[in-house]
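Take a look at the structure set out below.
The values are calculated or read from the model by the stated rules, or taken from the named source; none is laboratory data. This is a predicted model, so every value here is computed, not measured. Backbone-built Cβ (ideal geometry, glycine too); neighbour counts: all protein chains shown. Note: accessible area is taken over every heavy atom of the protein model, side chains too, but ligands, DNA and RNA are not part of it. Shrake-Rupley method; radii C 1.70, N 1.55, O 1.52, S 1.80 Å.
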Amino acid sequence: MEKTFDVIGIGQPCVDYAVRVPDMPKADAGCRVLGTSWQGGGVVPTGLAAASRLGLRCALISSVGDDMLGHYCCRDLLNHGVDLSQTRIRENSVTDMAVILSDDQTHGRSILYQPGTAKPLVWGEIDTDFLRGAAYLYLGGCGEIEKKAAQIVKSSGGEVLIDASYGQLQSYEALLPLIDCFIGSAYLYRSCFQNERYEENLRLIQAMGPNTVAFTFGSEGVRAVRGETYTEVPAFRVDTVDTLGAGDVFHGAFFYGLKHRLSLNETVRFASAVSAIKCTAPGGRAGIPTEKTVRQFLETGRIDRNEIQARIDRYARGLDDFMREDGRRRQYGTEKH
């Protein structure tokens with residue numbers, strides 16, 4: 001059947017308040033803030049924002065609270081072109097939020113996470129016909145809803161990609177036979193394997209179901225297998241401002257390679273370029289590039305800053321901008337519940 005969307009994702013949005021400091025203050029000390037930015041966050045939502053900005057048709061199945069942060073989440077995803085017709089607004093509920101401290105000394109980040117009260121969707125709230133319209137299903141979890149959704153997408157001729165960032169490999173084992181692309185973090189790799197026999201270890205996971213297995217190692221690059229092919233792609237060197245969301249946008253950009261039938265090496269290199277460009281701007285979304293910007297970077301090493309800088313400035317204005325532009329609450333194509 002013809003697919004309505006290139007990518008449909010299931011995952012909770014949140015709002016990130018990104019705070020940049022010269023270095024992390026020690027106990028009973030302080031430091032000057034270099035800059036702040038209010039941006040939409042969440043693993044799957046940010047990955048979808050990246051895929052959509054690269055030209056793919058994307059939709060999010062999720063829920064947010066009926067508060068200012070929930071409406072800000074919706075506005076931000078719509079600005080990136082993500083369909084929210086299956087994202088529900090929970091009345092009298094609060095949206096997830098995180099304060100992200102990024103320091104110039106290490107380019108690392110510390111995350112203070114505040115869960116909201118907006119309940120995640122239950123299976124009965126998910127439109128299964130909508131799911132069947134996905135060429136690719138994008139998952140950030142491995143619960144019962146994700147398993148049922150994967151079964152429906154697979155039975156409808158679609159494929160499934162999972163972002164396996166945390167936990168243990170055992171957490172994903174029940175889902176692995178349904179997964180086509182398994183992309184894990186350095187954290188997960190090191191919690192599973194105590195050696196650097198990358199190809200051997202990736203093929204152990206491949207034997208459990210996924211045809212494509214990749215692990216992202218930040219500045220150490222990416223290792224990946226697909227079928228009989230194994231590749232190692234070094235990370236691009238850029239002037240890093242913030243690594244928040246680097247893995248999320250890598251996953252979103254990986255869908256670009258899948259849709260356009262790129263080779264494994266080309267797909268990983270393209271996604272790595274998107275991730276590197278993102279790291280030159282604060283927060284998880286301000287630096288997400290367009291396809292044209294990525295192509296230029298791959299060909300010349302230069303980054304077109306015009307569009308990115310406009311988004312940096314808009315996110316720096318953050319909630320004040322949102323309040324001025326949208327004094328009334330909008331439905332954004334979502335339903336209140």
Open item on the list: Go through the range 89-105 and report how many residues are open to solvent by 90 Å² or more (accessible area, probe 1.4 Å) and within 19 Å of GLY30 (Cβ to Cβ).
Closed with: 1
- [ ] Run down VAL294, VAL225, VAL249 and say which single residue is under 22 Å from TYR138 (Cβ atoms), touching a strand residue (DSSP E or B) at 6+ places or on another chain (Cβ under 6 Å) and of a type in the set (Val, Ile, Thr).
- [x] VAL225
- [ ] With respect to GLN114, determine if the residue is within 19 Å of the chain's Cα centre (by Cα), open to solvent by 80 Å² or more (accessible area, probe 1.4 Å), of a type outside the set (Ser, Thr, Tyr) and more than 17 Å from ALA59 (Cβ to Cβ).
- [x] yes
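To keep it simple, each residue is scored yes or no on (1) in contact (Cβ under 8 Å) with a residue 12 or more places away in the chain; (2) outside any strand (DSSP E or B).
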residue: CYS142; (1), (2): yes, yes
residue: LYS147; (1), (2): yes, yes
residue: GLN151; (1), (2): yes, yes
residue: LYS154; (1), (2): yes, yes
residue: ILE162; (1), (2): yes, no
residue: GLY167; (1), (2): yes, yes
residue: GLN170; (1), (2): no, yes
residue: PHE182; (1), (2): yes, no
residue: ARG190; (1), (2): no, yes
Open item on the list: Out of the residues in the range 36-56 meeting the condition of being open to solvent by 30 Å² or more (accessible area, probe 1.4 Å) and over 15 Å from the mean Cα position of the chain (by Cα), tell me which one is modelled with the highest pLDDT.
Closed with: GLY55
Open item on the list: Just to check your reading of the model, which residue among SER63, SER85 is polar (S, T, N, Q), open to solvent by less than 20 Å² (accessible area, probe 1.4 Å) and part of a strand (DSSP E or B)?
Closed with: SER63
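Looking at this structure, is GLY247 out of contact with any His (no Cβ under 8 Å at 6 or more places or on another chain), under 15 Å from GLY184 (Cβ atoms), of a type outside the set (Val, Ile, Thr) and outside any strand (DSSP E or B)?
So GLY247 fits the description; yes.
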- [ ] Could you list all residues from the range 146-178 that are of a type in the set (A, V, I, L, M) and open to solvent by 40 Å² or more (accessible area, probe 1.4 Å)?
- [x] ALA174
